[in-house]
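Chemist: Got a structure here, written out as structure tokens. Questions coming.
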Amino acid sequence: MSTTYSIRSNRLIATFDPDGARMRSLCLDNGPNLVLDVDDTTFQELRDAYGGTIVGPLANRVRGGQVSIGETTHQMPCNENGTTALHSGPDGLDRAIWTVAAQDRTALQLTHHLPDGHGGLPGNRDIEVWFEVADNTLTFRVTMTTDAPTPASIAHHPYWRVTPEHTLHIHATHYLPTDHANLPTGVVAPVADTPFDHRTARPIDPGTDHNFCVAKQAKAQPAPMATLTTPSYVLEIASTEPGLQVYSGAFLPTIPEADIATLTGVALEPQGWPDAVNHPDFPNVICTPDHPYSQVTQYTLQPAT
């Protein structure tokens, strides 16, 4: 296990690993770890499921791994069934060893450089991530600059520990239906009368691995996105991102030593809409030298009442 770095407020303690910029633990009021974690020197399965990592630079799935910018089509490596690039392929940010640039009691800054052509994408790219705790809120900030137009949709991928008694409320009236490859069909569909209607809090359907269309474009300031309620804690998520990818954890590995099994953790990932590079009517995910990428996401925790 590599060296970890902790930050703390009066109510939160968070621990991070530069390997994948992973959040290894998050504890509220000296309580148990609220995110799934396991010693990856013994068990690699959670690591392979992106547990706690930063994914990108283009999170989620891209059809055929193809990204067209102007008249040039860039080919990303396809690491899912040989036909889809998932989280930027086998050498994405989740596999990077990040540099710890700064740390104090309440904040940690991590950086990483991607050279032009890395992962099949253009641009020399510099990514900076900040994690900061204040009272009962963890703030995640990420920026990416580039010297050429390139896609950017970076996501934080912790699995929040849940039991069957959880509920999720999402500020979204629409979602993206998917095809057999878990890729958006291009339709932006109402959540009404579907298992994905979380306008009123309800348990997450086990078949959920979908984007919820929280907004039509990124916001300047974090806006309320979702509330996860469990028997032990309540998590409120606010973000500048236009989409929330919700994954039920239906295919999580079984690791009894860490109390990890299918549906014991859910991923709630603020990000751009998936496969936006192949859907011109989706919110734009191309950043440029003049318009760098940025995201701010806030996780606010309370004990369950």
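Chemist: Just need a number here: residues in region 175-187 that are free of Cβ contacts under 8 Å to residues at least 60 places away in the same chain and either aliphatic (A, V, I, L, M) or surrounded by 11 or more Cβ atoms within 10 Å (Cβ to Cβ) (or both).
Modeler: Looking only at that region, the number is 5.
Chemist: Only strands (runs of 3 or more DSSP E) wholly contained in region 1-107 count here; list those with 3 or more residues that are open to solvent by 50 Å² or more (accessible area, probe 1.4 Å) and in contact (Cβ under 8 Å) with a residue 12 or more places away in the chain.
Modeler: Once the strands (runs of 3 or more DSSP E) in region 1-107 are filtered for at least 3 residues that are open to solvent by 50 Å² or more (accessible area, probe 1.4 Å) and in contact (Cβ under 8 Å) with a residue 12 or more places away in the chain, what remains is 99-103.
Chemist: Quick one: residue 249 ticks every box in (1) more than 18 Å from the chain's Cα centre (by Cα); (2) under 14 Å from residue 166 (Cβ atoms) bar one, so which box is it?
Modeler: (1)
Chemist: Can I ask one more? Working carefully through the options 280, 274, find the one that is at pLDDT 95 or above and open to solvent by 10 Å² or more (accessible area, probe 1.4 Å).
Modeler: Criteria check complete, one pass: 280.
Residue-wise test of (1) under 21 Å from residue 241 (Cβ atoms); (2) in contact with a Cys (Cβ under 6 Å, 6 or more places away or on another chain); (3) of a type in the set (A, V, I, L, M, F, W, C).
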| position | (1), (2), (3) |
| --- | --- |
| 8 | no, no, no |
| 19 | no, no, no |
| 24 | no, no, no |
| 31 | no, no, no |
| 46 | no, no, yes |
| 58 | yes, no, yes |
| 62 | yes, no, yes |
| 73 | no, no, no |
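Chemist: Can you report the number of residues in region 287-297 which are more than 18 Å from the chain's Cα centre (by Cα) and closer than 28 Å to residue 181 by Cα?
Modeler: Result for region 287-297: 1.
Chemist: Name every residue in region 50-88 that is β-branched (Val, Ile, Thr) and over 23 Å from residue 18 (Cβ atoms), in order of residue number.
Modeler: Scanning region 50-88 gives 62, 67, 69, 72, 73, 83, 84.
Chemist: Taking residue 114 as the residue in question, decide whether it is within 16 Å of residue 4 (Cβ to Cβ), over 16 Å from the mean Cα position of the chain (by Cα) and at pLDDT 95 or above.
Modeler: no
Chemist: Given the criteria at pLDDT 95 or above, open to solvent by 40 Å² or more (accessible area, probe 1.4 Å), part of a strand (DSSP E or B) and not acidic (Asp, Glu), does residue 169 qualify?
Modeler: Considered against the rule, which asks whether it is at pLDDT 95 or above, open to solvent by 40 Å² or more (accessible area, probe 1.4 Å), part of a strand (DSSP E or B) and not acidic (Asp, Glu), residue 169 comes out as yes.
Chemist: Kindly establish whether residue 238 is in a loop (DSSP other than H, G, I, E, B) and either modelled with pLDDT of 95 or more or crowded, with 16+ Cβ neighbours inside 10 Å (or both).
Modeler: Judged against the criteria, residue 238 is not a match.
Chemist: What single numbered condition from (1) surrounded by fewer than 19 Cβ atoms within 10 Å (Cβ to Cβ); (2) in contact with a Leu (Cβ under 8 Å, 6 or more places away or on another chain); (3) of a type in the set (Ser, Thr, Tyr) fails to hold for residue 299?
Modeler: Failing condition for residue 299: (1).
Chemist: Follow-up question, since we're still on this one. Sort through 194, 200, 139, 163 and tell me the only one that's part of a strand (DSSP E or B) and at pLDDT 95 or above.
Modeler: Just a single option satisfies the conditions, and that option is 139.
The values are calculated or read from the model by the stated rules, or taken from the named source; none is laboratory data. Computed from a predicted structure; not experimentally measured. Every residue, glycine among them, receives a Cβ derived from its backbone with ideal geometry; neighbour counts consider all protein chains shown. SASA here: full protein model, heavy atoms, side chains in, ligands and nucleic acids out. Shrake-Rupley method; radii C 1.70, N 1.55, O 1.52, S 1.80 Å.
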